[in-house]
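Structure first, commentary second.
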Amino acid sequence: MRRGSRGIRTGLTAAAVAGLAVLAGCGVGGGEGGSGRTAINFYAFNEPGGSYDKAVENCNKEANGRYRISYVKLPTDANQQRELVVRRLAAEDDDIDIIGMDVIWTAEFAAAEWILPWEGEDEQAATEGKLAGPRKTVEFEDKVWGLPFTSNTQLLWYRKNEVGNVPDNITWDKLIDDAAQKPTGIEVQAAQYEGLTVLVNSLIASAGGQIVTEAGDVKVDATATRAAEILSKLGTSKAAPPGMATNKEDEARIGFEEERSFYEINYPFIYPSAEAVGKEFQDSIGWARYPRTEADQPSKPPLGGINLGISKYSETPDLAFEAAKCMASEEHQAIAAELGGLPPTTEAVYETKKVQDAYPFADLLRESIDEAAPRPVTPAYSDISLAIQKTFHPPDGLSPGSIESKLKDRIERAGEGKIY
Amino acid sequence: MEAATATQGTRRTGKKSDRARSERKLAWMLCAPAVIAMLIVTGYPIGYAFYLSLQKFDLRFPDDKEFVGFQNYADVLTSSTWWSDVAVTAIITVISVSIELVLGMAIALVMHRAIFGRGPVRAAILVPYGIVTVVAAFAWRYAFDPASGFMQGLPLISDTAAPLTNQTGSLIVIILAEVWKTTPFMALLLLAGLALVPDELHEAAKVDGAKAWQRFTRITLPLMRPAILVALLFRTLDAFRIFDNVFIIQPGGALGTETVSILGYNVLINRVNLGLGSAISILIFLCVILIAMFFVKVLGTSTAQQRGEV
């Protein structure tokens, strides 16, 4: 028995050591970013192209010691970013000064009074020269709550050499039929997460629907059924890529790059990324406007992007406003477009050589962002989004006939702060 | 044991001696720090969660805060989500704990009987338990990833199998990950029980001509019963609160893999609805108490039976 008990003891010691290591690891989480009177902490998703780093670096140089921005990088997953920021804001954490807010957070953060409104000169700086789509995303109850920094929208990408040219007015039905015939996949984001809400919202908006009206009322109608029909048709057709029900942006990009699929609905970051695969591959990529839901109605592409919001708990809000304006300058928007594949929010930036060079499709991008359908602007957005995700998942197991009443019921209950 | 006889003794006389009284006082004083610590770290949070669960309280709408009594509980208990999540959790718990019990017993026997290299054998078996659950869950998820996983390449598994794209497949992977990770823990607890079985009984049975299987079912299992029940209790309570494996393997509890803990997380952390979320937490707590009571009752009678007291 002696040897055996020693074995266990060694095991337990090892477990204890591992436990201590974990505890030590937790300790690091404390004060990210900097502190002090001139420190400005910028919480935003980790932009892999390095353009946000560049903006921070430039502004710090320009400020010449008046303030010093530290870029605290958040996960790329939108749900996780929000959870992290919300937790800190709800706890009145003064460590956050500038928040890189996803466009869908505005109403929620503003209603909870976690962020400061942009007024007077600041308001002018936040809205002047901006495209209509991004401007709508910072407005809530007649006030402006953020500065649109970078925008985003999705295009239909395809391989010219494999499928020929795709017209800008193609419908989802036609696209799915074409792909299934080939057969090849259409990469979309249909995992149960925010990306599915993006897809469903655009399908509904392109059919003329609107999940939450401007007045804030829930309005689920037959357009939801139409959206479910399309999603279900794709999910059960040969055009459904493997793992469709778990694919996010990156899985979609990989599926397209590995030639599993010749079509892809995705953000423009896939274009600079395609260069890494090879110049030849990048040159074979064609683009078209987001597919239509109905043949006779122009599509309403999704609208993403990052707005800069100033935390109410910031100890130096004046410096934070100043730093935010510096970061979202036209020059930095152009850099974000070039390095990060993030489209500008200021109309004029689309004319610059940098953007025209980086994006051969710059004009289509501007048009899409201008005519995009924002996701519901409501303080209960995350509840509604979770309800949409749950109702429209998995894409190959939907029964479109019952979706309208189901979605309506769930959104209403979620909006009242209940569960369904 | 000594304490038990001592109290019985005092009860019988009905009058405590000075010595017994001062010993009792000392016992209370020695226990006090632990009791106070427990009250602070567990009693307070549970009480606070219960207090929160009686309110309508969403961090995003601080002005709407009001006392609503048991309304949150009614909301949860009348929702289809709660009951489907309870069913999913129960399925995962029952299947994974059953497999773990059988496998854990086999492994415990191996560890017990290992003649050479006992230390290394035991250490090797414990490795999965030493790996951080999140890391292990990622390994399982990537192994079965529909696009890049290697499991589809193995013999006996269809090349087009994509378990993580449907509910049954996802549950199977989650259960496998759970079993892989915690069987060693089960084995360790059972090993302790095995050590309680005296070798003499086995030898006597062998002399009487009992076969190995008979000795296992007639001697080992009955004597190990308390150990088995403790192991089952620990693992059932653990498995019922399963969170990390599901969270990683099927993020957000997608595809009908949402467990009660994931539901609590979604409501508390994502929707920051403290009232409703706390009600869910309290309900999970009540489920855990029910499970514990069930086991303790079974455990209590069986050990009493064994001692011949009933």
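The values are calculated or read from the model by the stated rules, or taken from the named source; none is laboratory data. Bear in mind that the values here come from a model prediction, so they are computed numbers and not experimental data. Cβ atoms come from the backbone with ideal geometry, glycine included; neighbour counts cover every protein chain shown.
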Quick one: residue A:173 ticks every box in (1) assigned to a helix (DSSP H, G or I); (2) more than 18 Å from residue A:400 (Cβ to Cβ); (3) of a type in the set (Asp, Glu) except a single one, so which number is it?
(2)
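Give the residue, chosen from B:122, B:118, that is of a type outside the set (Gly, Ala, Ser), crowded, with 17+ Cβ neighbours inside 10 Å and either in contact with a Lys or Arg (Cβ under 6 Å, 6 or more places away or on another chain) or not assigned by TED's automatic domain parsing to the domain that holds residue B:219 (or both). Reasoning before the result, please.
Working: B:122 fails: either in contact with a Lys or Arg (Cβ under 6 Å, 6 or more places away or on another chain) or not assigned by TED's automatic domain parsing to the domain that holds residue B:219 (or both).
Result of the check over B:122, B:118: B:118.
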Could you tell me whether any residue of the range B:146-159 is of a type outside the set (D, E, K, R), in contact (Cβ under 8 Å) with a residue 40 or more places away in the chain and buried (at least 19 other Cβ atoms within 10 Å of the Cβ)?
no
Members of the range A:70-92 found to be away from chain B (no Cβ under 14 Å) and under 15 Å from residue A:306 (Cβ atoms), listed by number:
A:71, A:72, A:73, A:74
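Here are B:195, B:177: which of them is touching a residue at least 60 places away in the same chain (Cβ under 8 Å) and in contact with a Phe, Trp or Tyr (Cβ under 6 Å, 6 or more places away or on another chain)? Walk me through how you get there before you give the answer.
On the way: B:195 fails: in contact with a Phe, Trp or Tyr (Cβ under 6 Å, 6 or more places away or on another chain).
Step by step, each of B:195, B:177 is checked, and only B:177 is touching a residue at least 60 places away in the same chain (Cβ under 8 Å) and in contact with a Phe, Trp or Tyr (Cβ under 6 Å, 6 or more places away or on another chain).
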Single condition residue A:375 does not satisfy, out of (1) assigned to a helix (DSSP H, G or I); (2) crowded, with 23+ Cβ neighbours inside 10 Å; (3) in contact (Cβ under 8 Å) with a residue 60 or more places away in the chain:
(1)
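Would you mind stating whether residue B:197 is surrounded by 16 or more Cβ atoms within 10 Å (Cβ to Cβ), closer than 19 Å to residue B:103 by Cα and in the same structural domain as residue B:256 (by TED's automatic domain parsing)?
Numbers: surrounded by 16 or more Cβ atoms within 10 Å (Cβ to Cβ): yes; closer than 19 Å to residue B:103 by Cα: no; in the same structural domain as residue B:256 (by TED's automatic domain parsing): yes.
Judged against the criteria, residue B:197 is not a match.
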Can you give me the number of residues within the range B:110-153 that are modelled with pLDDT of 85 or more, touching a helix residue (DSSP H, G or I) at 6+ places or on another chain (Cβ under 7 Å) and either away from every other protein chain (no Cβ under 13 Å) or under 29 Å from residue A:260 (Cα atoms) (or both)?
7
Note on the range A:90-145: residues in contact with a Ser or Thr (Cβ under 6 Å, 6 or more places away or on another chain) and of a type in the set (Lys, Arg) are A:130, A:135
Can you tell me which residue among A:128, A:113 is under 19 Å from residue A:43 (Cβ atoms), surrounded by fewer than 17 Cβ atoms within 10 Å (Cβ to Cβ) and assigned by TED's automatic domain parsing to the domain that holds residue A:82?
A:113
Name the single residue that is farthest from the other protein chains (Cβ to nearest Cβ) among those in the range B:251-264 being crowded, with 22+ Cβ neighbours inside 10 Å and within 21 Å of the chain's Cα centre (by Cα).
B:259
When you go through B:81, B:42 one by one, which is the residue that is surrounded by fewer than 13 Cβ atoms within 10 Å (Cβ to Cβ) and either in contact (Cβ under 8 Å) with a residue 24 or more places away in the chain or β-branched (Val, Ile, Thr) (or both)?
B:42
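Per-residue answers, yes or no, for (1) buried (at least 20 other Cβ atoms within 10 Å of the Cβ); (2) among the hydrophobic types (A, V, I, L, M, F, W, C); (3) more than 14 Å from chain B (Cβ to nearest Cβ); (4) over 22 Å from residue A:341 (Cα atoms):
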site	(1), (2), (3), (4)
A:100	yes, no, yes, no
A:109	yes, yes, no, yes
A:142	no, no, yes, yes
A:146	yes, no, yes, no
A:153	yes, no, yes, no
A:157	yes, yes, yes, no
A:185	yes, no, no, yes
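Can you tell me which residue among A:348, A:337, A:328 is more than 30 Å from residue A:247 (Cα to Cα) and surrounded by 21 or more Cβ atoms within 10 Å (Cβ to Cβ)?
A:328
Could you say whether any residue in the range A:252-259 is within 19 Å of residue B:148 (Cα to Cα), touching a Pro at 6+ places or on another chain (Cβ under 7 Å), in contact (Cβ under 8 Å) with a residue 12 or more places away in the chain and aliphatic (A, V, I, L, M)?
As a first pass, look at the range A:252-259 and keep what is within 19 Å of residue B:148 (Cα to Cα): A:252-259.
Next, from what is left, pick out any that are touching a Pro at 6+ places or on another chain (Cβ under 7 Å): A:255.
Okay, now just the ones that are also in contact (Cβ under 8 Å) with a residue 12 or more places away in the chain, so A:255.
Then keep just the ones that are aliphatic (A, V, I, L, M); that gives none.
Taking every residue of the range A:252-259 in turn, none turns out to be within 19 Å of residue B:148 (Cα to Cα), touching a Pro at 6+ places or on another chain (Cβ under 7 Å), in contact (Cβ under 8 Å) with a residue 12 or more places away in the chain and aliphatic (A, V, I, L, M).
Answer yes if at least one residue in the range A:72-88 is more than 21 Å from the chain's Cα centre (by Cα) and outside any helix (DSSP H, G or I), and no otherwise. Break it down stepwise before answering.
Restricting attention to the range A:72-88, the residues satisfying the condition of being more than 21 Å from the chain's Cα centre (by Cα) are none.
Within the range A:72-88, not a single residue is more than 21 Å from the chain's Cα centre (by Cα) and outside any helix (DSSP H, G or I).
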Out of all the residues in the range A:97-132, which are free of Cβ contacts under 8 Å to residues at least 24 places away in the same chain and polar (S, T, N, Q)?
A:124, A:127
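Let me confirm something: among A:141, A:194, A:162, A:187, which residue is assigned by TED's automatic domain parsing to the domain that holds residue A:82 and not aromatic (Phe, Trp, Tyr)?
On the way: A:194 fails: assigned by TED's automatic domain parsing to the domain that holds residue A:82; A:162 fails: assigned by TED's automatic domain parsing to the domain that holds residue A:82; A:187 fails: assigned by TED's automatic domain parsing to the domain that holds residue A:82.
Being assigned by TED's automatic domain parsing to the domain that holds residue A:82 and not aromatic (Phe, Trp, Tyr) holds for just one of A:141, A:194, A:162, A:187, which is A:141.
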Exclusive hit being at pLDDT below 90, in a helix (DSSP H, G or I) and farther than 20 Å from residue B:251 by Cβ, set A:408, A:418, A:354
A:354
Does residue B:76 satisfy the condition of being within 9 Å of chain A (Cβ to nearest Cβ), surrounded by 19 or more Cβ atoms within 10 Å (Cβ to Cβ) and closer than 30 Å to residue B:174 by Cα?
yes
Exactly one of (1) free of Cβ contacts under 8 Å to residues at least 60 places away in the same chain; (2) touching a strand residue (DSSP E or B) at 6+ places or on another chain (Cβ under 6 Å) is unmet by residue A:281. Its number?
(2)
Among (1) at the interface with chain A (Cβ under 9 Å from one of its Cβ atoms); (2) at pLDDT 85 or above; (3) farther than 29 Å from residue B:263 by Cα, residue B:103 falls short only on (1)
State whether one or more residues within the range A:398-407 are in contact (Cβ under 8 Å) with a residue 40 or more places away in the chain and within 14 Å of another protein chain (Cβ to nearest Cβ).
yes
Applying the selection to the range B:82-112, what residues are farther than 17 Å from residue B:186 by Cα and not aromatic (Phe, Trp, Tyr)?
B:84, B:85, B:86, B:87, B:88, B:89, B:90, B:91
I need the full set of residues from the range A:379-388 which are at the interface with another protein chain (Cβ under 8 Å from one of its Cβ atoms) and assigned to a helix (DSSP H, G or I), in order please.
A:382, A:383, A:386
Suppose we keep only residues that are β-branched (Val, Ile, Thr) and either under 30 Å from residue B:59 (Cα atoms) or within 14 Å of chain A (Cβ to nearest Cβ) (or both) within the range B:212-250. Which one would you say is surrounded by the most Cβ atoms within 10 Å (Cβ to Cβ)?
B:246
Restricted to the range A:227-263 and to residues being within 14 Å of chain B (Cβ to nearest Cβ) and among the acidic types (Asp, Glu), the residue surrounded by the fewest Cβ atoms within 10 Å (Cβ to Cβ) is A:258
